[in-house]
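Presented below is the structure to which this report refers.
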There are 2 protein chains.
Amino acid sequence: MAEATAEYKVIGTRPIRPDGADKVTGRAVYGGDMRLTGMLHGKVLRSPHAHARIKSINTAKAEALPGVKTVITVKDFPVAEDRMANLGEMAVNVKLLSNNVMAADKVLYKGHAVAAVAATNAHIAEEALGLIEVEYEVLPPVLDVLDAMKDEAPLLHETMTTTELGQKTDKRSNIANHMRFLLGDPAQGFREADVVIEREFDTATVHQGYIEPHNATALWNEDGHLYIWTSTQGAFVVQRQAAEILGLPVSQVSVTPCEIGGGFGGKISVYLEPVAAILSRKAGRPVKIIMSRIEEFEATGPTPASHIKVKMGAKKDGRLVAAEASLMYEAGAFPGSPVGAGCMCIFSPYAIPNMQVDGYDVVVNKPKTAAYRAPGATNAAFASETVMDELAEKLGMDPLEIRRLNGAKEGDRRVDGPTFPRIGYLETVHAALEHEHYATPLTGPNRGRGVASGFWFNVGFQSTVVINVNADGTVSLVEGSTDIGGTRASIAMQAAETLGIPYEDVRPTVVGTDGIGFTDVTGGSRTTFATGYAAHEAGLDVLRQMKERLARRWDGEMEKEFEGQAERATVRITPDDVTYANGVFKCAKDAGKSMTFKEVTAQMARMGGPITGRATSQPRGVGGAFATHIVDVEVDPDTGKVTILRYTAVQDVGRAIHPSYVEGQIQGGVVQGVGWALNEEFVYNDNGNMVNSSFLDYRMPTTLDLPMLKTVLVEVPNPGHPYGVRGVGEVPIVPPVAALANAIYRATGKRMTHSPMSPGYVLNKLME
Amino acid sequence: MAEATAEYKVIGTRPIRPDGADKVTGRAVYGGDMRLTGMLHGKVLRSPHAHARIKSINTAKAEALPGVKTVITVKDFPVAEDRMANLGEMAVNVKLLSNNVMAADKVLYKGHAVAAVAATNAHIAEEALGLIEVEYEVLPPVLDVLDAMKDEAPLLHETMTTTELGQKTDKRSNIANHMRFLLGDPAQGFREADVVIEREFDTATVHQGYIEPHNATALWNEDGHLYIWTSTQGAFVVQRQAAEILGLPVSQVSVTPCEIGGGFGGKISVYLEPVAAILSRKAGRPVKIIMSRIEEFEATGPTPASHIKVKMGAKKDGRLVAAEASLMYEAGAFPGSPVGAGCMCIFSPYAIPNMQVDGYDVVVNKPKTAAYRAPGATNAAFASETVMDELAEKLGMDPLEIRRLNGAKEGDRRVDGPTFPRIGYLETVHAALEHEHYATPLTGPNRGRGVASGFWFNVGFQSTVVINVNADGTVSLVEGSTDIGGTRASIAMQAAETLGIPYEDVRPTVVGTDGIGFTDVTGGSRTTFATGYAAHEAGLDVLRQMKERLARRWDGEMEKEFEGQAERATVRITPDDVTYANGVFKCAKDAGKSMTFKEVTAQMARMGGPITGRATSQPRGVGGAFATHIVDVEVDPDTGKVTILRYTAVQDVGRAIHPSYVEGQIQGGVVQGVGWALNEEFVYNDNGNMVNSSFLDYRMPTTLDLPMLKTVLVEVPNPGHPYGVRGVGEVPIVPPVAALANAIYRATGKRMTHSPMSPGYVLNKLME
């Protein structure tokens, strides 16, 4: 387990999080806590149909209800342009983004917004929704990716045409995009294979399930400036998306991020912000909207259901020679599933000379999918890692040994092109193989042990950090990264390490779009990596200025020893002559001159004034993350219920800045993966209505469902980061579904090809 | 009148203020608007006696009142150390600062805080004050500076000894400090004089009279961190003062400045913040306190009453040869009157070869004085400028001509040492002499015209500015300077000018101590000067980074004309080869290469990521400000009431960044000076109780009392600032009292030696 090393004083320790007290006492201000003078409460009317044409909307009765201040429909939105806009790092079609926020001519899923009300309280607003008359022409819904891909399927977007291998075609279809990644010659590879396994898999729609629902408070001020307070993974992305939808320059939109009660990728896209904004402009007052849990399930981004075909071939000695996959992902009502990421991850733990991966992004009458922790990779790994397990079995190999034999390492190429820098996949396999868990035999009936690996590429993107130095030697750190998993601490720790001061002397503050430079979302496992990188650079900017000032102060006449005699001489001191280590600046040309960090800060006012360091980062040295998980299960043969007996998650974390938070990220990812694997799914009726849209009916794992999840942190520092950081938050959700499928197979002899492997599904398999 | 010049595109224009809409619609959040969950309301019990020993305080009955959550006295404060601390730019004795916030063993003025209550509402808190039993031993008060200086005067601080000309003595006295400034040989100078005038003057205690009362909301969090929201001229000074009084490191105190409804120097020192903090710590909840107007008058910083002797000598030709002054200023209950500033200003409009100025800082049983717009200078100018008027009369000279003859200019020395850089005093005198107002004869009975000049040195101090660049070519500017007089605009304008972008493209935000580097108070007329300087430097930092990026982009192979033939050559481009003018970057080595500012910002993400500029300033090139005022009055011989017929204020403003705000500052300063001159004073009874502590009885001028105040902006750019800025906000209050005294003399033949020259005083003079 990582601890502070000789190399580092702060990194690797486990200090208290700066926001801890506020969160445990309830003082932290979440979006739901927003109160502004004269504030109205908004509610959104949502479609009862999964697919319908809107023939008319009559809001007159709702507007007449006492307490209702305004009612809006799509007519109150500017006409959205049908063009791609760069919102954050992702290009998004503005028209489709806007149409998801408020339905235009058609509703495309049950829960799609069709109107909104602002009233003096939430009850009146709710009542007013019932007075809005919407006339629909109900259309047949398409609810499954394979159905949606059929030529005769009802079309969601009548003018949408397929993009085929990068080329726009004129084929009208629900297939928005077909992409392909190719390496080597897969057909030739399969001819050389001694063993080939080909299987198909299905995964269900799953929700991010953050505790805090979406919310937005907006004030469209009389001077035309729009203020938004919201729960988001990235204030600047909300700013850009809202500006595009509302037709404003970004500089006219200020977004303040409130504390966030979980996001997991689901709090990146805007839902309520533009609605609250337009309600505010029409009503002339601030408006707050908070979603109910039903709205969360029915109208915010789940992760896609998918259908995946995988074919893998190996030589007798276990060496993989070819792999092919076809990933069909539901995008929901608008294009943009994470199928591309699934393609990039599906075979990436392995060095395979010949590969082809096809991805299909397919619209269906379900809510538009959103990112969810390593988006797309879990679906993919369920398929590929189950096939790997079957290959190992067929070859009579230990499932970790076949991974050790084929594991990717520095210099190997991914199917999507990049060559790996120094990575730690093999180190995770070694650690798993040597772990006491794996060495301990699992005995007893209906029990089985499964393993699986996973990959997530992680991202860099852009971050800004400003460090202001206080006279008492402490510093204030200003950042734009939403703190979800403890990043106030992990970023402050990197600044402290660079500055050579204690962690407690760094006070981090997360501010909104008016207070800091552009910073991308907290997502893609980028924050501790990229914002931490910026914090390090901002710290260097502080030290650089201190050295410049000390050089000026020390420059000039000084006592020198010359031929045994002390004499005075003029010595030119440049910033390069000033060193800094262990909290002390020294003059390389005069051992008698030194000042501590705190001495410098105490004298700042007499040495040129305050010191502020700034840095923006867009780091290129992103380090991919690998994990290998081991799980033991027992399957109840009478009910199909799967009980997890033991779970060990091994992961290359690069450098664990704050090991407790790294462990927490891993445990959290595993828990969510277990939910996907064993219980979670959106259950739809034939009309496309979700029938389990509550936490009573949508079954997420609780602490009662799980043993203590053990983590093993393998540290293979990322050479592309000054402290070796890799992202750690996403890859832990990748292996669990496959690991559990493999464990259930070992317990039951039945291969799982569908998730969730709920008791009913498992029981059916047992009875096959 | 200054307008945009060919030289500048933004400076000199009159755009709308960024905070305008919020202020006219009532959305701006002032301290009184603070609401926090569970917030309690605090009230302060204040001494009914001007001077008394506290024998006991019994809070039991108050604590027992339902709704009261806690009661505090000085016992709940840490024992304050008797030492000087550098709080902002001023060294302050921590013990005395603390004792002013909460009385220790003695109360030293009526209104001195002795206890405080926090309760669930303000009415219960008020009621609880009445239940606190305080036993006093009443002592004789001393209420006048001359009485206080007597050997037999009651001593406020029994252990306080006089500092005499920089040396600590062991003399126990109410005279805290006697300072002296000397230039040349005044005795010799007076021997050479043909005319000598010597007079004595008195000025009354006057209040800053800002509309918004003091307020403070504090939350002492469970993790030990203290949050303060308050109306202040400087969040960092509140942070430092509160930290000292409470015995906390500054980094444990976060101060958020709310909008401010006027300060004028009176919102620098803390009063309520430490009280609300300790109430919050004891109650475990946030606490808000707002002062009543009576508390404002009785317990917050007025400007000192004073007694001033002035002696000036001139040759027959009007040339000044010697001047002496003795300034005795009331400090209030604790040392620290602005007498030093009065000494620095009293003779500074003139080049006089021989000068001596003595200053006395004297404690009396009145509230501790605070800064008030050019603190100390108005009292001083009343005395010196009246004597100048009498000298002119005696010599048969025009009062502006004697000023033209003796006016200070670049290279002349001030009594306190510094030599003037380029200043614009003579330009103000010329402009007054040539003004239509001065050229138009004043006729009619009981009418008179007066002139007077004034000087304020202005200050620099420290500021920090961060500029974050948006992709659409706009920027966000983060600053720590409280915006009182439109400085969001005047600082944004300087940033826009430097960046070569429109004013509307700069969005300024004032943030608290967590969000920006150290920034001194908005005061001393420093903000547009010093924070503007930092904004300019931060803008240069942005341009520097853009040039670096463009140099990298443009570096390398390019098409070159060589002997009439186009050929490709490798050309090294450094940042020095990149020019920027009129919003366009160009390459000095290749005319074909250019990019606009907006083109660069649109491509930032592909050119190295976001750009943030930062600068801290501690500018040394402070430019002093001079003003010359002309006023016409009519005096009612039956009542003594003075009516102002016409007023023209001429001022060297350096460079008027936003001329409307400069004019507003001048008009505001004149109005306040008129109040001092004609009506405002604290009226005390013999017990030291102020008997006019309300806006009904304390008479401030209203628009009905004044004609339109005309301003003349003379622009002599300050060579110490990139845009020539001098401070403009303070010097306009300096001449009015003297100008009015001189006008009344011309109308009545009576010399005024006391301010206010209220109807009663003038009538008495008329009846002499």
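The values are calculated or read from the model by the stated rules, or taken from the named source; none is laboratory data. Because the structure is a prediction, the values reported are computed rather than measured. Cβ: placed from backbone, ideal geometry, glycine included. Neighbour counts: every protein chain shown.
Of all residues in the range A:59-93, which are at pLDDT 95 or above, surrounded by 16 or more Cβ atoms within 10 Å (Cβ to Cβ) and not in a loop (DSSP other than H, G, I, E, B)?
Answer for the range A:59-93, where residues must be at pLDDT 95 or above, surrounded by 16 or more Cβ atoms within 10 Å (Cβ to Cβ) and not in a loop (DSSP other than H, G, I, E, B): A:62, A:68, A:69, A:70, A:71, A:72, A:74, A:76.
What about residue B:228, is it surrounded by fewer than 18 Cβ atoms within 10 Å (Cβ to Cβ) and under 24 Å from the mean Cα position of the chain (by Cα)?
Criteria not met by residue B:228.
Whether any residue in the range B:357-379 is surrounded by fewer than 24 Cβ atoms within 10 Å (Cβ to Cβ) and either over 19 Å from the mean Cα position of the chain (by Cα) or on the phi < 0 side of the Ramachandran plot (or both) is what I want to check.
Scanning the range B:357-379, I find at least one residue that is surrounded by fewer than 24 Cβ atoms within 10 Å (Cβ to Cβ) and either over 19 Å from the mean Cα position of the chain (by Cα) or on the phi < 0 side of the Ramachandran plot (or both), so the answer is yes.
With respect to residue A:102, determine if the residue is touching a residue at least 12 places away in the same chain (Cβ under 8 Å) and either under 25 Å from residue A:243 (Cβ atoms) or touching a Ser or Thr at 6+ places or on another chain (Cβ under 7 Å) (or both).
Judged against the criteria, residue A:102 is a match.
Report, by residue number, each residue of the range A:461-480 that is free of Cβ contacts under 8 Å to residues at least 60 places away in the same chain and more than 7 Å from chain B (Cβ to nearest Cβ).
A:479
Out of the range A:453-477, which residues are outside any loop (DSSP other than H, G, I, E, B) and closer than 23 Å to residue A:373 by Cα?
Quick first cut of the range A:453-477, residues outside any loop (DSSP other than H, G, I, E, B) only: A:453-456, A:463-469, A:475-477.
The answer is A:453, A:454, A:455, A:456, A:463.
Going by the conditions given, is residue B:613 within 14 Å of chain A (Cβ to nearest Cβ), assigned to a strand (DSSP E or B), surrounded by 22 or more Cβ atoms within 10 Å (Cβ to Cβ) and modelled with pLDDT of 90 or more?
Yes: the conditions hold for residue B:613.
Among the residues in the range A:503-519, are any among the charged types (D, E, K, R), more than 9 Å from chain B (Cβ to nearest Cβ) and within 27 Å of the chain's Cα centre (by Cα)?
There is no residue in the range A:503-519 that is among the charged types (D, E, K, R), more than 9 Å from chain B (Cβ to nearest Cβ) and within 27 Å of the chain's Cα centre (by Cα).
Out of (1) closer than 21 Å to residue B:462 by Cβ; (2) modelled with pLDDT of 95 or more, what's the single condition that is false for residue B:262?
Unmet for residue B:262, out of (1) closer than 21 Å to residue B:462 by Cβ; (2) modelled with pLDDT of 95 or more: (1).
Taking only pairs six or more apart or across chains, which ones have beta-carbon atoms under 6 Å, a first residue in the range A:646-665 that is assigned to a strand (DSSP E or B), and a second residue that is among the hydroxyl-bearing types (Ser, Thr, Tyr)?
Between residues of the range A:646-665 that are assigned to a strand (DSSP E or B) and residues that are among the hydroxyl-bearing types (Ser, Thr, Tyr), the close pairs are A:649/A:711; A:650/A:428; A:650/A:628; A:652/A:428.
Among all residue pairs at least 6 apart or on different chains, which show Cβ distances below 6 Å where the first residue, located in the range A:692-721, is among the aromatic types (Phe, Trp, Tyr) and the second is modelled with pLDDT of 95 or more?
A:698/A:692
This table checks each residue for (1) over 25 Å from residue B:339 (Cβ atoms); (2) without any contact (Cβ under 8 Å) to a residue 24 or more places away in the chain; (3) crowded, with 24+ Cβ neighbours inside 10 Å.
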{"position": "B:286", "(1), (2), (3)": "yes, no, yes"}
{"position": "B:289", "(1), (2), (3)": "yes, no, yes"}
{"position": "B:293", "(1), (2), (3)": "yes, no, no"}
{"position": "B:304", "(1), (2), (3)": "no, no, yes"}
{"position": "B:307", "(1), (2), (3)": "no, no, no"}
{"position": "B:310", "(1), (2), (3)": "no, no, yes"}
{"position": "B:314", "(1), (2), (3)": "yes, no, yes"}
{"position": "B:322", "(1), (2), (3)": "no, no, yes"}
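Look at residue A:567 and say whether it is more than 21 Å from the chain's Cα centre (by Cα), surrounded by fewer than 21 Cβ atoms within 10 Å (Cβ to Cβ) and within 14 Å of another protein chain (Cβ to nearest Cβ).
no
Could you go through the range B:101-119 and let me know if any residue there is within 14 Å of chain A (Cβ to nearest Cβ) and either assigned to a strand (DSSP E or B) or farther than 25 Å from residue B:692 by Cβ (or both).
Residues of the range B:101-119 that are within 14 Å of chain A (Cβ to nearest Cβ), as a first pass: none.
No.
Of (1) exposed (fewer than 10 other Cβ atoms within 10 Å of the Cβ); (2) modelled with pLDDT under 95; (3) of a type in the set (D, E, K, R); (4) more than 30 Å from residue B:527 (Cα to Cα), residue B:576 satisfies all except one. Which?
(2)
From the residues in the range A:499-511 that are buried (at least 24 other Cβ atoms within 10 Å of the Cβ) and touching a helix residue (DSSP H, G or I) at 6+ places or on another chain (Cβ under 6 Å), which one is farthest from residue B:476 (Cα to Cα)?
So in the range A:499-511, the residues buried (at least 24 other Cβ atoms within 10 Å of the Cβ) come out as A:499, A:506, A:508, A:510.
In the following step, the residues that additionally are touching a helix residue (DSSP H, G or I) at 6+ places or on another chain (Cβ under 6 Å) were identified as A:499, A:506, A:508.
Working: A:499: 27, A:506: 24, A:508: 20 Å.
Taking the candidates together, the pick is A:499.
Looking at (1) touching a residue at least 24 places away in the same chain (Cβ under 8 Å); (2) within 22 Å of residue B:742 (Cα to Cα); (3) assigned to a loop (DSSP other than H, G, I, E, B), which one does residue B:450 not meet, given that it meets all the others?
(3)
Confirm whether residue A:625 is touching a residue at least 12 places away in the same chain (Cβ under 8 Å), within 14 Å of another protein chain (Cβ to nearest Cβ) and closer than 30 Å to residue A:716 by Cβ.
Spelling it out, it is not the case that residue A:625 is touching a residue at least 12 places away in the same chain (Cβ under 8 Å), within 14 Å of another protein chain (Cβ to nearest Cβ) and closer than 30 Å to residue A:716 by Cβ.
Could you list, in sequence order, all residues of the range B:241-260 that are crowded, with 22+ Cβ neighbours inside 10 Å, within 13 Å of chain A (Cβ to nearest Cβ) and assigned to a strand (DSSP E or B)?
B:253, B:254, B:255
Could you please let me know if residue B:742 is over 30 Å from residue B:624 (Cβ atoms) and either buried (at least 24 other Cβ atoms within 10 Å of the Cβ) or of a type in the set (S, T, N, Q) (or both)?
Judged against the criteria, residue B:742 is not a match.
Name every residue in the range A:261-282 that is surrounded by fewer than 24 Cβ atoms within 10 Å (Cβ to Cβ), closer than 21 Å to residue A:76 by Cα and more than 14 Å from every other protein chain (Cβ to nearest Cβ), in order of residue number.
Correct list: A:282 only.
Within the group B:211, B:197, which residue is of a type in the set (A, V, I, L, M, F, W, C) and closer than 30 Å to residue B:687 by Cα?
On the way: B:197 fails: closer than 30 Å to residue B:687 by Cα.
The unique qualifying residue is B:211.
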